[in-house]
Amino acid sequence: MMSSSTVLSRLSQALWSRPMRVSAVVATLLGLSLALAPASSAITVGSHPAAVRSAESGLPTSYSGRSVSGLRRFSVSPGLTRRFTEAHDARLSGWGDSNTRFSAAGPQSPSGQQPDPVATTDNTTHHFDSGIQLTAATTGMAAMQSITPTGSELSASDQDSVLSPTLYPAANSCIEVTTVANSDGYSVSPFDWCGYPSGARGWQPGRKIDASFLSTYMTSSYGLPSYWVQIRQTNPATNTWTAYLYNFQTKAWDSLYSSSGATGKPGIQGWDIAEFYSTSNPATSTGYFCTETRGMAWESNDIMLLVNGKFTWASASNSRQVPGGGANCPLSYKVIATNSHWRVQNVS
């Protein structure tokens, strides 16, 4: 078996060098998960189908009381923040699941509705998403989120953004946790929808997905390198929500971010989706990201909802599928377990 240092060294070379061979990076990531996995562990998430185990026994209950270290604020353009907010509001308004085209006056639904007419300057930007949207009221959500081999930042000339997977448990949740890939890096970053204690809605400092992250927060789930995230309401009186990442070294949840207040949004919908913001390349008629991520897949599994104080599997009784698609990139959507496991793949 390779030593941890050897695997980390090979991983670093694979992730930050270009051009990348996808097969080599996948092998390195999977090798890392095996090399760094504890010799014995009671955690069996992802080792067998959800149908043969309970959600309650699958989610560890140990909390470290420590915060995720090494956080920094990643650069996200004001335009992306506006569009991310508009798409969020559109989804809560009942449309905007996929193939939303932004105009100068805001996002356009098929019927021309505009829930939040916030002006955008880029009328060529496409937004599309696929995954699941919740139909039941929850006070928390957890999922295994895959880390893609193309997780290294997109090239400096690529202004597209891949926010996949992104987890949001409820319309009144102050926090959404997103796997962000753009030209500034690859991170797990929280978005604050309430604005306290940060003082304003928006992106908050996140954790770079690097060798240190992988050795601490990565595991293999259904054969894929993944991290485990949980968002839950920790104080109903103040509507405080806290996001956690599971530390596989200490076998406990570390706090990523906490916020309280009000989102001001109606409904109960939450989601776990793959989300893309893309501008078409005139030379190819596809999104710039589409070329850089050709053949890549984004996956979420072991999706659990906290309902009436207990975790339960995402299913057809508490969520619906968002098949989505790609307006300027051919993306396939596959449900592996209804609705607790989905995959989106760039098939260009």
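Numbers at a glance
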read-out: Selection within segment 295-315 - closer than 13 Å to His341 by Cβ and of a type outside the set (Ser, Thr, Tyr); value: Ala297, Trp298, Glu299, Asn301, Asp302, Ile303, Met304, Trp313, Ala314
read-out: Residues located in segment 329-348, provided they are in contact with a helix residue (DSSP H, G or I) (Cβ under 7 Å, 6 or more places away or on another chain), polar (S, T, N, Q) and under 19 Å from Phe276 (Cα atoms); value: Asn346, Ser348
read-out: Number of the condition not met by Thr263 [criteria: (1) over 23 Å from Ala171 (Cβ atoms); (2) part of a loop (DSSP other than H, G, I, E, B); (3) not small (Gly, Ala, Ser)]; value: (1)
read-out: Any pair with Cβ under 6 angstrom, 6 or more apart, that starts in segment 337-348 at a residue that is free of Cβ contacts under 8 Å to residues at least 24 places away in the same chain and ends at one that is outside any strand (DSSP E or B) and aliphatic (A, V, I, L, M); value: Thr338/Ala316
read-out: Answer from Ala170, Ala211, Ala262, Ala200 - the residue that is in contact (Cβ under 8 Å) with a residue 24 or more places away in the chain, closer than 21 Å to Arg82 by Cβ and not β-branched (Val, Ile, Thr); value: Ala262
read-out: Subset tally (residues that are of a type in the set (A, V, I, L, M), in contact with a strand residue (DSSP E or B) (Cβ under 7 Å, 6 or more places away or on another chain) and not in a strand (DSSP E or B)) for segment 201-221; value: 1
read-out: Only listed residue being at pLDDT 90 or above, surrounded by fewer than 20 Cβ atoms within 10 Å (Cβ to Cβ) and among the basic types (Lys, Arg), chosen from Lys265, Lys251; value: Lys251
read-out: Residue that is modelled with the lowest pLDDT [pool: residues in segment 139-150 that are touching a Ser or Thr at 6+ places or on another chain (Cβ under 8 Å) and not aliphatic (A, V, I, L, M)]; value: Thr150
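The values are calculated or read from the model by the stated rules, or taken from the named source; none is laboratory data. Note that this is a predicted model, so its numbers are computed, not measured. In this analysis, Cβ positions are derived from the backbone assuming ideal geometry, glycine residues included, and neighbour counts consider all displayed protein chains.
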